[in-house]
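The structure under discussion appears below in the form of structure tokens.
The values are calculated or read from the model by the stated rules, or taken from the named source; none is laboratory data. Source: prediction; values computed, not measured. No Cβ is skipped: glycine too gets one built from the backbone with ideal geometry, and neighbour counts run over all protein chains shown.
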Amino acid sequence: MNFAGANILSVDQFERADIEQIFAVADRMEPFAKRRMVTRVLEGAILGNMFFEPSTRTRVSFGCAFNLLGGEVRETTGFKSSAIAKGESLYDTARVLSGYSDVICMRHPQSGSVSEFAAASRVPVINGGDGANEHPSQALLDLYTILKEVGGRGGSIDGLRIAMIGDLKFGRTVHSLARLLRLFDNLHIVLVSPEELAMPEVYVEALREAGHKVEVSTELMSSIAHVDIVYSTRIQEERFASQEEADLYRGRFRLNQEIYTKFCEPNTVIMHPLPRDSREGANELDNDLNQNPNLAIFRQADNGVLVRMALFALILGVVDQVEQSAREVNWYHRRS
Amino acid sequence: MNFAGANILSVDQFERADIEQIFAVADRMEPFAKRRMVTRVLEGAILGNMFFEPSTRTRVSFGCAFNLLGGEVRETTGFKSSAIAKGESLYDTARVLSGYSDVICMRHPQSGSVSEFAAASRVPVINGGDGANEHPSQALLDLYTILKEVGGRGGSIDGLRIAMIGDLKFGRTVHSLARLLRLFDNLHIVLVSPEELAMPEVYVEALREAGHKVEVSTELMSSIAHVDIVYSTRIQEERFASQEEADLYRGRFRLNQEIYTKFCEPNTVIMHPLPRDSREGANELDNDLNQNPNLAIFRQADNGVLVRMALFALILGVVDQVEQSAREVNWYHRRS
Amino acid sequence: MNFAGANILSVDQFERADIEQIFAVADRMEPFAKRRMVTRVLEGAILGNMFFEPSTRTRVSFGCAFNLLGGEVRETTGFKSSAIAKGESLYDTARVLSGYSDVICMRHPQSGSVSEFAAASRVPVINGGDGANEHPSQALLDLYTILKEVGGRGGSIDGLRIAMIGDLKFGRTVHSLARLLRLFDNLHIVLVSPEELAMPEVYVEALREAGHKVEVSTELMSSIAHVDIVYSTRIQEERFASQEEADLYRGRFRLNQEIYTKFCEPNTVIMHPLPRDSREGANELDNDLNQNPNLAIFRQADNGVLVRMALFALILGVVDQVEQSAREVNWYHRRS
């Protein structure tokens, strides 16, 4: 695809070459995101960071990515007081707001809303999450993380073995990731969830049609024994039909260091879209994994900045100017 | 008036020459607002964008205007958690906040509050709307839009025929616009509203004293037949004394393409302060006007950025430096 | 202490030499804060201004300080919609958010939370207030104000006579200030409050152990007769055990111009951490003091910007670069 001026609305708009281009640009963003270098390539440009639904980290990640390229950010958070609540159409909102900035990132609780908005916008729009529908930059950063984490092992996504664990029925991130994975070859995918929260058949079929091997399971431990990537997600108790059902699964999808040591191959990568619920009884990653070097969840969050910088640089057509204007960071920063 | 360091609190502070000066500067801001050129003339300056009442688009428009001149924006939105709610006087709030920025834009729900604030502020203050009282930048952008829309027809506001439609009793924008129009000559003004929502007599008298011809009507179609500008505003049903009264007028002030074609002269300009209510039964502009090239409502919103840039440049005394430091935009942008 | 890369969590981490270093840097920030000069020394750096509890002026003061050094600010305000509310640990929040910025200022309602956050953060953290516990930049700006206000009288804090008035039991600012004052010599401190709101014994003891003379009183007028500094704070009526008790003290700690003239020595400095309650019946500073040249409360707020600029410059190690890149302000600004 031609990125200059394009909207980023859905993972379905990408071909494999597009993904590879985004990731190649993301790699080049690392010196800036890691504060070794400064670039001002977007000095004077404005991002409209329009969050009609709150999401602190996604909002800050997009805003930070734009700042790291030298641009300014104007924001809105929340919904109730907005003109939309007074009966304004998304068409009008888009016509007006797109007069204020060079690119817009939009989150909105309603599925399909961002595409409708983008159709009326006069500047490129990135979907920052539209209800249960899409959150393409999250899927891209997940895939980018997989690629970087296995980099030392050949550096390809093709042929990887990936377990997705948790709420695979309602989880937007696993759906988008599954759709992206269709672009790659020879994957072995293990889908682990309570029966009530199984991956919808449409995604399973699509993965199989792409030539991947797909296994479905309700058991954590056997499922993570022979994979490269464990992608864990949150299970909300209220998703179950009854409390009895919820109790049945309580903690059964929780991965901790003991289980990891006992069942996983060495260097199995642990991922999670965050936030993880660290309260007692949560069905997620245990805090005792925090010292495990294969826990990639915070590198995953960091990668979000790289991927979002790449999207901005591609959409605004400044990739080749980024390094030209680079200089070294002149302030103290911790090495990490 | 001398703009350097001045407060912008009310349309009444302007003489005709002041308006003309603001509009001449606004014209010079267009290359920057349209992203053909970048200026950094206010690099290092800070706008305190203090919205003690929410208004996404006005807040973002002011913030964007300041960013386009190269300055930074610090913001607040909302009221409940602020010091004002703990019994702090506007005097104290102004003394403190004016230590943080070079200029302040303030919106506040209470009529007269911004003037009180400005009296204690140590930096210039722009009124971003104080309750039912004033919103001078809105009136300026409305007038600027009128001037630009009729530019090809002689380029003067003098002699124009303008219909104002909708809630003329409570509508802050039509009041401010009416006050500004006193500065011009030989206007023909048609005031169209339900009787209960008629323009207050004080404004009607003032327009007549200024030498304008003023007609009052409760009928939409005959009123828009011989005007250059149709300025439509929202009618909120709760403004009527009874539901029966509201039902009587439902949709009677709604302009659509069919009515436009049948009754309006060619090139009649359609304006609206936005947001417009696009829900069924609203008394406003129909969506089928969206393709009408004389629908100026989004150009009107865009003009807000130009006018606000002009106010900032005048108040901070940098008009003549803006172009000196200009350079071409180096990123992709759609032409629109 | 070595400031480069350090967290600023508590006033207890400072020795006297540290305080003096911060204040010396703060002095050098004045041309930038007063808008005579512009510096861009932190151009490209990002402050994460994370306010998980609202505080307009502290948030804007920190953000403004960072902008004045040329950096960008990404912010969050509020708590309910944040990941923390979904069970995310402070550890996770810190790991994620510290990937987005070069330094973080954090306010949080829970005592001790900011230290916990800082332990997991990958970038330096400044405590912007953690519940009833600490607010170190407030204590620093209070002390800096005392030093500057008495500058003409010898310029030392040693030997000063300071009255602290109001709610000394729950007031976080007087506790922090008391802790800082232990670093100085030969102070005479008068603690004035209703008995129910007296300074906790631990602070009184610490001041005495530091060699200071400490008096405790429930009478305003006699207490302010022989001091250099009157530091007034808010008394909230709901702090009293009963309404009768509250009524007993109503207005008895309110300082006005008449009392000042009658009881205070000439040039006694009046301070207050703000906001002050200007409503009838408040136990604070009367508005009739606003013209008193010794009312330092707004200079005190201004000093917050200087002190916060100093902290950022020290933590990020750019103190010596600030003036190198300085240039004169090119826009109009009022002299004040």
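A few remarks follow.
- Restricting region C:211-253 to residues that are under 20 Å from C:Arg172 (Cβ atoms) and of a type in the set (A, V, I, L, M, F, W, C), the residue that is surrounded by the fewest Cβ atoms within 10 Å (Cβ to Cβ): C:Val216
- Matching option when the condition is over 26 Å from C:Thr56 (Cα atoms) and either under 19 Å from the mean Cα position of the chain (by Cα) or not assigned by TED's automatic domain parsing to the domain that holds C:Ala33 (or both), among C:Asn283, C:Asn292: C:Asn292
- First in region A:20-37 and more than 17 Å from A:His333 (Cα to Cα), second anywhere and of a type in the set (Lys, Arg) and in a helix (DSSP H, G or I), Cβ under 7 Å, 6 or more apart: none
- Of the residues in region A:175-189, none is of a type in the set (Gly, Ala, Ser) and in contact with a strand residue (DSSP E or B) (Cβ under 6 Å, 6 or more places away or on another chain).
- The numbered conditions (1) at pLDDT 95 or above; (2) more than 19 Å from the chain's Cα centre (by Cα); (3) not β-branched (Val, Ile, Thr) are all true for A:Gly152 except (1).
- Which numbered condition C:Glu245 fails, given (1) outside any loop (DSSP other than H, G, I, E, B); (2) within 27 Å of C:Gln138 (Cβ to Cβ); (3) more than 11 Å from chain B (Cβ to nearest Cβ); (4) of a type outside the set (S, T, N, Q): (2)
- Every pair of residues 6+ apart whose Cβ atoms lie under 9 Å, when the first sits in region C:281-296 and is on the phi > 0 side of the Ramachandran plot while the second is of a type in the set (S, T, N, Q) and modelled with pLDDT of 95 or more: none
- Residue in region B:261-278 that is closer than 27 Å to B:Leu147 by Cβ, aromatic (Phe, Trp, Tyr) and buried (at least 20 other Cβ atoms within 10 Å of the Cβ) present: no
- Some residue of region B:180-189 being farther than 17 Å from B:Ser156 by Cα and not aromatic (Phe, Trp, Tyr): no
- Hits in region C:206-235 - residues which are within 9 Å of C:Ile165 (Cβ to Cβ), at pLDDT 95 or above and either in contact with a helix residue (DSSP H, G or I) (Cβ under 6 Å, 6 or more places away or on another chain) or part of a loop (DSSP other than H, G, I, E, B) (or both): C:Ile224
- Screening C:Phe3 with (1) more than 17 Å from the chain's Cα centre (by Cα); (2) closer than 27 Å to B:Met50 by Cα gives one miss only, at (2).
- Test: residue in region A:119-132 that is more than 24 Å from A:Glu205 (Cα to Cα), over 17 Å from the mean Cα position of the chain (by Cα), modelled with pLDDT under 95 and not in a helix (DSSP H, G or I): no
- Residues that are of a type outside the set (A, V, I, L, M), surrounded by 24 or more Cβ atoms within 10 Å (Cβ to Cβ) and within 14 Å of chain B (Cβ to nearest Cβ) within region A:118-131 comprise A:Ser121, A:Pro124, listed in sequence order.
Residue by residue, here is whether (1) of a type in the set (Lys, Arg); (2) away from chain B (no Cβ under 14 Å) holds:
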residue: A:Arg252; (1), (2): yes, yes
residue: A:Leu255; (1), (2): no, yes
residue: A:Arg276; (1), (2): yes, yes
residue: A:Leu289; (1), (2): no, yes
residue: A:Val307; (1), (2): no, yes
residue: A:Leu316; (1), (2): no, no
residue: A:Val319; (1), (2): no, no
residue: A:Gln324; (1), (2): no, no
residue: A:Val329; (1), (2): no, yes
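- Any hit, region A:177-195, residues being part of a helix (DSSP H, G or I) and surrounded by fewer than 16 Cβ atoms within 10 Å (Cβ to Cβ): yes
- Note on region B:196-205: residues that are out of contact with any His (no Cβ under 7 Å at 6 or more places or on another chain), at pLDDT 95 or above and crowded, with 20+ Cβ neighbours inside 10 Å amount to 1.
- Search result, residues across region A:249-261 that are free of Cβ contacts under 8 Å to residues at least 40 places away in the same chain and either assigned to a helix (DSSP H, G or I) or not assigned by TED's automatic domain parsing to the domain that holds A:Met164 (or both): A:Gln257, A:Glu258, A:Ile259, A:Tyr260, A:Thr261
Here is a yes/no grid of residues against (1) under 20 Å from C:Glu20 (Cβ atoms); (2) surrounded by fewer than 23 Cβ atoms within 10 Å (Cβ to Cβ); (3) not small (Gly, Ala, Ser):
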residue	(1), (2), (3)
C:Asn287	no, yes, yes
C:Asn290	no, yes, yes
C:Leu311	yes, no, yes
C:Asp320	yes, yes, yes
C:Glu328	no, yes, yes
C:Arg334	no, yes, yes
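- Answer from B:Val96, B:Val114, B:Val103, B:Val123 - the residue that is in contact with a Pro (Cβ under 7 Å, 6 or more places away or on another chain) and either within 30 Å of C:Leu285 (Cα to Cα) or of a type in the set (Asp, Glu) (or both): B:Val103
- Selection over region A:42-80 of residues that are aliphatic (A, V, I, L, M), at the interface with another protein chain (Cβ under 7 Å from one of its Cβ atoms) and either surrounded by fewer than 24 Cβ atoms within 10 Å (Cβ to Cβ) or assigned to a loop (DSSP other than H, G, I, E, B) (or both) gives a count of 3.
- Test result for B:Arg36, of a type outside the set (A, V, I, L, M, F, W, C) and either surrounded by fewer than 22 Cβ atoms within 10 Å (Cβ to Cβ) or within 7 Å of another protein chain (Cβ to nearest Cβ) (or both): yes
- Where A:Ala94 falls short, out of the listed (1) facing another protein chain (nearest Cβ under 10 Å); (2) aliphatic (A, V, I, L, M); (3) over 21 Å from A:Val318 (Cβ atoms); (4) part of a loop (DSSP other than H, G, I, E, B): (4)
- From B:Arg40, B:Arg35, residue being basic (Lys, Arg) and on the phi > 0 side of the Ramachandran plot: B:Arg35
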